[in-house]
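Heads up: the structure comes next, in structure tokens.
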Amino acid sequence: MVKKDPIHDKARIQLAEKVAASGVRHRQVLEAIATVPRHAFVDEALDTRAYEDSALPIGHQQTISKPSVVARMVELLHKPKKELGKVLEIGTGCGYQAAILSLVAAEVYSIERIRPLHDQARAKLRPFRIPNLRLVYGDGIRGLPQAAPFDGIILAAAGLGIPDPLLDQLAIGGRLVAPVAKSEEEQQLVVVERVSSQRYQRTVLEEVFFVPLQSGTV
Ligand code: SAH
């Protein structure tokens, strides 16, 4: 995925070490963090901050997510000792998490509702020629019925609940990982596993902070 780049090589490995120190154990996920050049997904002016473990602005009031949170959520998407098959991401943003997902899942679809961000992500991802990643412009609240069912669904924006179409488009045995808003200020990370066609098992984890899930396209 990356050409030799001594300045950023070291920074990426250090970032993966920070992410491991935050508690992420999944080897493939840590390798993906050590591989994807995060500076390529942020504005050049933020180049020096690209390998900090923090969210950064990407325009249109959106952010590139915090690497340790990206890694934590992608780790949670995995069932123990199982490879990830087909994954849907809601909220492409700049495309960083989509690139991470492409290294750990067989097939990745990523939806973005803001046209300029979708176009920018496409441009930023093009040089990497990722064959198993498809970017879609649209409202992720509706999911992507034409590509369902998904073994994993990951939301990069927080809604008041989990949209029903996404639960419907989860494969049996699949997992969905999402930030869910409890109030204006409070959000929790939620994991939902589809146990059977009618049964879903929900686990509520730590507090997180994400941009809001919004409906419609702009
Ligand atoms: N995945 C990104 C995070 C982007 S921030 C990363 O790698 O860092 C979350 C993104 O979700 C924003 O770009 C926002 O526009 C998008 N979003 C919010 N609601 C959405 C919806 N209903 N459908 C698709 N994208 C949505």
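The values are calculated or read from the model by the stated rules, or taken from the named source; none is laboratory data. Being a predicted model, the structure only gives us computed values, none of them experimental. A quick note on method: Cβ atoms are made from the backbone with ideal geometry, for glycine too, and the neighbour counts reach across all protein chains shown. What goes into the accessible areas is simple: the full protein's heavy atoms, side chains included, and nothing from ligands, DNA or RNA. Shrake-Rupley method; radii C 1.70, N 1.55, O 1.52, S 1.80 Å.
Structural remarks
- Among (1) among the β-branched types (Val, Ile, Thr); (2) within 24 Å of residue 132 (Cβ to Cβ); (3) open to solvent by 30 Å² or more (accessible area, probe 1.4 Å); (4) modelled with pLDDT of 95 or more, the one test that residue 64 misses: (3)
- Complete set of residues in region 29-51 that are open to solvent by less than 50 Å² (accessible area, probe 1.4 Å) and in contact (Cβ under 8 Å) with a residue 60 or more places away in the chain: 29, 32, 33, 35, 36, 40, 41
- One residue stands out in region 177-218 among those that are touching a Leu at 6+ places or on another chain (Cβ under 7 Å) and within 13 Å of the ligand (Cβ to nearest atom): the one that is most open to solvent (accessible area, probe 1.4 Å), namely 213.
- Scope region 108-156; condition in contact with a strand residue (DSSP E or B) (Cβ under 7 Å, 6 or more places away or on another chain), open to solvent by 60 Å² or more (accessible area, probe 1.4 Å) and farther than 22 Å from residue 58 by Cβ; matching residues: 149, 151
- In region 107-122, the residues that are in contact with a Phe, Trp or Tyr (Cβ under 8 Å, 6 or more places away or on another chain) and among the basic types (Lys, Arg): 113, 115
- Subset of region 74-108 [in a strand (DSSP E or B), within 14 Å of the ligand (Cβ to nearest atom) and without any contact (Cβ under 8 Å) to a residue 40 or more places away in the chain]: 108
- Residue 54 meets each of the listed conditions (1) surrounded by 18 or more Cβ atoms within 10 Å (Cβ to Cβ); (2) under 21 Å from residue 179 (Cβ atoms); (3) within 16 Å of the ligand (Cβ to nearest atom) apart from (1).
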